[in-house]
Amino acid sequence: GGVDGEDGKAKSAVDGAEEASAVFSDAIILDVGGMTCGGCAASLKRILENQPQVSAASVNLTTETAIVWPVSEAKAIPNWQKESAINTCKTLRQIVA
């Protein structure tokens, strides 16, 4: 009985890790320092999600990072992760400046 349960837990953990890996392979992680409150993080999330090349975004105040998931069309561009990151950073600089 216990062995079957442990195998199921291990398989579930592996499946979860593979799903997380697949999710983040399609994401861009940005360092976004300078936020001082949850309102800053919420504003940044809203700004990111309003960009045409962004499908979804998540902002973490504690780690000062933003995870951006691009729209599928953005992934058709060669070096899409680098290009999307550069474009997103340029947009953020224009908004903050």
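The values are calculated or read from the model by the stated rules, or taken from the named source; none is laboratory data. No experiment lies behind these values; they were computed from the predicted model shown. All Cβ positions, glycine included, derive from the backbone under ideal geometry; neighbour counts span all protein chains shown. Accessible surface areas use protein heavy atoms only, side chains included; no ligands, DNA or RNA. Shrake-Rupley method; radii C 1.70, N 1.55, O 1.52, S 1.80 Å.
Could you tell me what percent of the accessible area of the stretch 28-96 is made up of carbon and sulfur, with a 1.4 Å probe and every protein chain present? Solvent-exposed carbon and sulfur of the stretch 28-96 make up 53 percent of the total. Between the amide H of A56 and those of W69, distances stay under 5 Å, these residues lying 5 or more places away or on another chain, with hydrogens modeled in the peptide plane. Ordered from largest to smallest accessible area (heavy atoms of protein chains, 1.4 Å probe), the residues T63, T36 come out as T36, T63. Local charge sum around P70 (other residues, Cβ-Cβ under 10 Å, Lys/Arg +1, Asp/Glu -1)? Local charge sum for P70: -2. Label-to-label distance, C37 versus E49, with points set 7 angstrom from Cα along the beta-carbon direction: 2.0 nm.
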